[in-house]
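Read the structure below first, then the notes.
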Amino acid sequence: MEQAHLSAESALDHLDRGVVLFTLGGVVFNATEASLAGVLLTALATLLYAVTRNRIANLEDFEFAESLPSPPGIDLGRFTLICQWLGSRQLFEGLLGDLVDPEIGGSAEAARRHIRAALWPALWARLREKIQALFWMDR
Amino acid sequence: MTDTPATKLSLTEALIAHLLRESAPAPLFGLELVRRSSSGDLKLKKGTIYVTLERMEKKGLVTSELETSPPPHFKEGDFYIPRRMYRLTPAGEQALIALEQAVARIPGFLVRS
């Protein structure tokens with residue numbers, strides 16, 4: 001099972017590399033044609049692919065989230081979706097687990113602040129990690 | 001017997017590995033790691049700690065498990081999801097030792113201010 005998961009992940013990595021190459025090619029081609037719309041459309045298509053691909057790849061990992069009660073101040077459905085996009089179950093468990101702390105989970109406002117403050121850096125960290133992995137810079 | 005080279009650690013990974021080694025055998029959860037790092041020069045951030053821990057687990061440097069019971073301050077009716085507790089693996093410890101040895105070899109005039 002674990003082996004199948006790893007080989008699926010590796011196959012998806014190859015697919016991602018293909019998409020990145022097409023994106024780079026598309027952006028360069030459209031830029032030489034001075035087509036801003038073309039550049040933006042290429043970038044948008046890549047973003048849509050990335051978000052959907054991560055959602056599909058992480059559907060099973062987040063099945064348990066459907067049975068969780070919503071913590072005060074957090075829209076659990078939206079938070080789950082964002083963590084699926086980021087492809088990180090540990091981020092999901094970690095940030096929600098932090099709410100057990102009375103300082104953070106004590107009020108809806110503090111909980112919301114904690115999640116918001118953590119999600120942006122997490123997004124950049126995941127993006128950097130993904131780019132490094134795609135270009136074999138993580139070895 | 002062949003010696004496999006220790007995995008290279010980033011600064012953040014090294015700090016996490018150091019904190020986990022200090023607390024061993026007790027495991028630590030992410031927020032506790034962030035809090036324990038706040039007294040040093042290098043601080044861990046709430047936003048990136050879990051991404052880093054996930055990467056370290058994939059590399060085999062740490063291992064994790066969900067806590068089995070809620071913390072003592074937990075009250076009935078509060079929101080609760082079991083926290084993931086992290087421990088340093090032997091590979092993680094080996095990587096940290098390798099880094100410490102590499103740092104020790106740096107000439108003093110390069111590291112002193």
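All of the numbers you see were taken from the coordinates with simple rules; none came from a lab. These numbers come from a predicted model, not from an experiment. As a convention, Cβ positions derive from the backbone with ideal geometry for all residues, glycine included, and neighbour counts pool all protein chains shown.
When you restrict to C-alpha pairs under 8 Å that are six or more residues apart and normalise by the size of region B:1-66, the relative contact order lands at 27 percent.
Once the Cβ-Cβ distance of B:Ala26 and A:Ala8 is raised to the sixth power relative to R0 = 25 Å, the FRET efficiency obtained is 0.10. In whole angstrom, note down how far apart the Cα centers of region A:58-94 and region B:34-113 are. Rounded to whole Å, the Cα centres lie 22 Å apart. Taking other C-beta atoms within 10 angstrom as a stand-in for reagent exposure, A:Tyr49, B:Tyr86 fall in the order A:Tyr49, B:Tyr86, fewest first. Measuring nothing but how far apart in sequence close Cα pairs (under 8 Å, 6+ apart) lie, relative to its length, region A:56-121 scores a relative contact order of 32 percent.
Taking the charge dipole of region A:18-97 about its Cα centre, with +1 at Lys and Arg Cβ atoms and -1 at Asp and Glu Cβ atoms, the residue from A:Leu36, A:Leu48, A:Val19 reaching farthest to the positive side is A:Leu36.
Going by a ≥ b ≥ c, the root eigenvalues of the Cα gyration tensor, does the protein assembly as shown fall in the rounded group (a/c under 1.5), the prolate group (a/b larger than b/c) or the oblate group? It comes out oblate by the Cα gyration axes.
As a test of the formula, what do you get for the protein assembly as shown when each DSSP H run with n ≥ 4 contributes -39,500 (n - 2.57) and the sum is divided by the residue count, at 222 nm and rounded to the nearest 500 deg cm²/dmol?
-20500 deg cm²/dmol
Ranked by the mean number of other Cβ atoms within 10 Å per residue, highest first, peptides B:17-25, B:45-53, B:71-79, B:101-109 order as B:45-53, B:17-25, B:71-79, B:101-109.
Note on A:99-106: average number of Cβ atoms from other chains within 10 Å of each residue's Cβ is 5.
Pairs over the 18 Å Cα-Cα cut-off, from the set B:Lys46/B:Lys75; B:Lys8/B:Lys58; B:Lys8/B:Lys59; A:Lys130/B:Lys59: B:Lys46/B:Lys75. Contact order, relative form, for chain B: 35 percent (alpha carbon pairs under 8 Å, 6 or more residues apart, mean separation divided by residue count).
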